[in-house]
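The values are calculated or read from the model by the stated rules, or taken from the named source; none is laboratory data. Bear in mind that the values here come from a model prediction, so they are computed numbers and not experimental data. Positions of Cβ are backbone-derived with ideal geometry, glycine not excepted, and every protein chain shown enters the neighbour counts. Note: accessible area is taken over every heavy atom of the protein model, side chains too, but ligands, DNA and RNA are not part of it. Shrake-Rupley method; radii C 1.70, N 1.55, O 1.52, S 1.80 Å.
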Amino acid sequence: MKKFAMAALGGTLAGIVATTYVAAPLLAQESNETSVYEQLDLFGDIFERIRAQYVEDVDETELIEAAIGGMLQSLDPHSSYLSPDDASKMRVQTRGEFGGLGIEVTQEDGFVKVVSPMDDTPADEAGVEAGDFITHVDGESLLGLSLDEAVELMRGPVGSEIIITVVREGEDEPFDISIIRDTITMTAVRARTEGDTVVLRVTTFNEQTTPNLEESLREQIEELGGMDNVNGIVLDLRNNPGGLLNQAISVADSFLESGEIVSTRGRNPEDGERFNATPGDLVGGKPVVVLINGGSASASEIVAGALQDHRRAIVVGTKSFGKGSVQTVMPLRGDGAMRLTTARYYTPSGRSIQALGVSPDIIVEQPRSRPEAEEEEPASSVFRQRSEADLRGSLNNDSLSEDEARQIEADREKAEKAAELREEDYQLAYAIDILKGLSALGPKD
């Protein structure tokens, strides 16, 4: 009987413990919901106090939008509220034409930082550089403003002047840059040939990017007389701030035959997605060099990371920006929208580049341009290196035909042109030299 009583008592205690473990989460959930409703009541109280007692009349719609914006901005630098007007501008921007300065910015430690200036825009022509910190707009400090508020200060009518104060690494003092606002028409891809190399400069990832890339590539290959005359491709993603995820996937797919391009992982494992390449390499396996720098962000990093992981390209330059998150734009009532960070993306090898960036296979810094006053005439232009051909009475080379002599002269002109390119764009010249080296090692016909 005693044993039975002890067993019964044990069963009762176990039942109490089990009941406690089941009930505790329910109580906690109810407590959390109560706390949330209390906070919403608090918000309502504050809202009413502001409406009734603030020193000036307030716009109630602006108050609500500011509260929503603050809530989203507290999550991360890339989540934000888009008013109906801002949402409309964003839709226009993804189509490739909008008004402004032509810079992509983010917020770092409370300061506005330039991710990258866009090619051939007012900011680019005025000398704004990736990594610059903008501290003032027309003399008004940006410290303490949200990113959206700072961007709003930089907007204005086309043709109007704006003066931004910039802090730049390597400069002792802040300095002002004057910019005339203009309509920004984005050309997503610019292409040209350098010798036997096709250079594809991708400036952004919008709805035009993949069609522009395919058309530009086709034109340059035809200009060189066919793919057999192409030694490789330089995909220049420097100062490309990113854009549409589907365009990044499509551009990477253009150079891959198979395999994963990128995967995204959200809060819930079942929300994860994988995006794979489809058969068809636009350049038939020709060598590819990808150029990146600190202004290469988001979609640019997806492309660089995918081609690097598949060993499809050599990545050259400096470490990229490190934006490894995906934002989803969700329409809201009243024609507004919410940009919300919903996932992180991962390269095919499973690495996240969030806050780390893509590290180049070969690190190549771009030398900073020196002020004109500091530039000196190269010694080579004054004392050109003398050769046997310069000596008085030197013998002619009678082993060369006229065609061979012309070919040697053409090769010399190419080499001199390459040397000039190093002065203009050292990183690009380095990338082209890599492709020349790979071509020299290839099989001979």
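The figures follow:
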item	result
Filtered residue count, the stretch 262-311, keeping only those that are under 30 Å from V114 (Cβ atoms) and not in a helix (DSSP H, G or I)	17
Scope the stretch 114-135; condition under 16 Å from the mean Cα position of the chain (by Cα) and under 20 Å from M90 (Cβ atoms); matching residues	V114, V115, S116, P117, M118
Test: residue in the stretch 148-162 that is within 28 Å of V288 (Cα to Cα) and surrounded by fewer than 19 Cβ atoms within 10 Å (Cβ to Cβ)	no
Count of the stretch 163-176 residues which are surrounded by fewer than 16 Cβ atoms within 10 Å (Cβ to Cβ), over 22 Å from the mean Cα position of the chain (by Cα) and closer than 24 Å to G294 by Cβ	7
Pick from the stretch 122-147, criterion assigned to a helix (DSSP H, G or I) and touching a Gly at 6+ places or on another chain (Cβ under 9 Å), ranking: least open to solvent (accessible area, probe 1.4 Å)	A123
Enumeration of residues in the stretch 84-100 that are more than 28 Å from T61 (Cα to Cα) and either at pLDDT 85 or above or in a strand (DSSP E or B) (or both)	E97
The stretch 147-162: number of residues that are over 21 Å from the mean Cα position of the chain (by Cα) and not charged (D, E, K, R)	7
Any hit, the stretch 174-182, residues being of a type in the set (D, E, K, R), touching a helix residue (DSSP H, G or I) at 6+ places or on another chain (Cβ under 8 Å) and outside any strand (DSSP E or B)	yes
Residue in the stretch 187-210 that is assigned to a helix (DSSP H, G or I) and at pLDDT 95 or above present	yes
Number of the condition not met by V234 [criteria: (1) open to solvent by less than 20 Å² (accessible area, probe 1.4 Å); (2) assigned to a helix (DSSP H, G or I); (3) of a type in the set (V, I, T)]	(2)
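Condition check ((1) open to solvent by 20 Å² or more (accessible area, probe 1.4 Å); (2) within 23 Å of D433 (Cβ to Cβ)) across all residues:
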{"position": "I292", "(1), (2)": "no, yes"}
{"position": "R312", "(1), (2)": "yes, yes"}
{"position": "K323", "(1), (2)": "yes, no"}
{"position": "G334", "(1), (2)": "yes, no"}
